[in-house]
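Visitor: Got a structure for you, questions after.
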Amino acid sequence: MPPVFRFAPSPNGYLHLGHAYSALLNVQRARETGGRLLLRIEDIDPTRCRPEYEQAITEDLAWLGIAWEQPVRRQSLHLAAYGAALERLQDMGLVYPSFESRAEIARLVAQRGVEGNWPQDPDGAPLYPGAAKAMSATRRAELMSSGLPYALRLDMEAAVVRAGGLSWVEVGCGPNGESGTIEATPAVWGDVILARKETPTSYHLSVVVDDALQGVTEVVRGQDLFHATSVHRLLQVLLGLPAPAYRHHQLIRDDMGHKLSKSTQATALRTLRAEGVSPAEIRHRIGLV
């Protein structure tokens, strides 16, 4: 069977040079190995994802000369698959609801910070500080049925005990030069969110389900997701899913050394195209000549 690669953007903004680099690296790897390239649209967030952004994604990729297999997988059409995976984790007793808002979580962290710094995950967010895990099943059911917003979290301590030792094969390079067999340390993320009342899945859950269902054999993505691989390996083991190899690549950065991001209004590919920049120039700018 040929190797399978995927480029999986979210339609919550326009693609920039960083996306072009990742997409073209996937193309390069597919050509080198005689593999297949898939396009997946990660549109589980209905408040930020828009049809015009998805259309722009396909236009930008086609302009770069990238072709992909049909059909395109849209996550919003496969919520039942993620719900089934979540239900399996719930049946294992590894999922619990928490009811604090983001503001309440920030307040709890601030209160605990009086005695020292509260631990943060690799992305800089505070680990969940609440006591919802200790709440009785009856009280949880009452709050959930009341209509109160909630998040469904993974009981990380119990999940790690159940999964045992974890690792992944890194054929690329982590932020500090890590490669080869990497020990996974999902506990540094705390009790991660797997779903919310209004969004029945999360990036962590949907990405491992999709990679397995689509037969992805090598995940080519940016180093900003290197540490998240620990959570993905944990979920793969718990759900009995195969593990692809991972190839994390360097990030394209601006003149200040910051990674390009939609949230910081990085110049869009469509803007560069309108200015007369060619696909060949794009490749030159990102070091793929």
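Visitor: Which ones in segment 1-36 are part of a loop (DSSP other than H, G, I, E, B), hydrophobic (A, V, I, L, M, F, W, C) and crowded, with 19+ Cβ neighbours inside 10 Å? Don't jump to the end; show me each part of the working.
Guide: Here is the first cut: in segment 1-36, the ones part of a loop (DSSP other than H, G, I, E, B) are 1-3, 8-15, 34-35.
Retained after the next criterion (residues that are hydrophobic (A, V, I, L, M, F, W, C)): 1, 8, 15.
Those that are part of a loop (DSSP other than H, G, I, E, B), hydrophobic (A, V, I, L, M, F, W, C) and crowded, with 19+ Cβ neighbours inside 10 Å: A8, L15.
Visitor: Then there's this: Applying the selection to segment 143-163, what residues are surrounded by fewer than 20 Cβ atoms within 10 Å (Cβ to Cβ), within 23 Å of the chain's Cα centre (by Cα) and within 17 Å of R102 (Cα to Cα)?
Guide: Selection gives P149 alone.
Visitor: Anything in segment 46-105 that is of a type in the set (F, W, Y) and part of a strand (DSSP E or B)? List them, or say none.
Guide: Keep residues of segment 46-105 that are of a type in the set (F, W, Y), which gives 53, 63, 68, 82, 96, 99.
Listed by number, the list holds a single entry, Y96.
Visitor: Anything in segment 24-56 that is under 19 Å from Y203 (Cα atoms) and hydrophobic (A, V, I, L, M, F, W, C)? List them, or say none.
Guide: L38, L39, I41, I44, C49
Here's the yes/no breakdown for (1) modelled with pLDDT under 95; (2) small (G, A, S); (3) in contact with a helix residue (DSSP H, G or I) (Cβ under 8 Å, 6 or more places away or on another chain):
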| residue | (1), (2), (3) |
| --- | --- |
| D45 | yes, no, no |
| L61 | no, no, yes |
| L64 | no, no, yes |
| A85 | no, yes, yes |
| P97 | no, no, yes |
| A103 | yes, yes, no |
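Visitor: Output the number of residues of segment 256-267 satisfying the condition of being among the aliphatic types (A, V, I, L, M) and surrounded by 15 or more Cβ atoms within 10 Å (Cβ to Cβ).
Guide: Here is the first cut: in segment 256-267, the ones among the aliphatic types (A, V, I, L, M) are 256, 260, 266.
Retained after the next criterion (residues that are surrounded by 15 or more Cβ atoms within 10 Å (Cβ to Cβ)): 260, 266.
Qualifying residue count, segment 256-267: 2.
Visitor: Which residues, counting only those in segment 209-227, are in contact (Cβ under 8 Å) with a residue 60 or more places away in the chain and of a type in the set (A, V, I, L, M)? Lay out the reasoning, then the answer.
Guide: Going through segment 209-227, the residues in contact (Cβ under 8 Å) with a residue 60 or more places away in the chain turn out to be 209-211, 213-222, 227.
Once the filter is applied, which keeps residues that are in contact (Cβ under 8 Å) with a residue 60 or more places away in the chain and of a type in the set (A, V, I, L, M), segment 209-227 yields V209, L213, V216, V219, V220.
Visitor: Now a separate question. Can you tell me which of R285, R221, R253, R270 is loosely packed, with under 14 Cβ neighbours inside 10 Å and either in contact with a helix residue (DSSP H, G or I) (Cβ under 7 Å, 6 or more places away or on another chain) or at pLDDT below 95 (or both)? Walk me through how you get there before you give the answer.
Guide: Working: R285 fails: loosely packed, with under 14 Cβ neighbours inside 10 Å; R221 fails: loosely packed, with under 14 Cβ neighbours inside 10 Å; R270 fails: loosely packed, with under 14 Cβ neighbours inside 10 Å.
Unique residue meeting the criteria: R253.
Visitor: Output the number of residues of segment 169-223 satisfying the condition of being touching an Asp or Glu at 6+ places or on another chain (Cβ under 9 Å) and outside any loop (DSSP other than H, G, I, E, B).
Guide: Selection size over segment 169-223: 12.
The values are calculated or read from the model by the stated rules, or taken from the named source; none is laboratory data. Since the model is a prediction, treat every value here as computed from it, not as a measurement. Cβ: placed from backbone, ideal geometry, glycine included. Neighbour counts: every protein chain shown.
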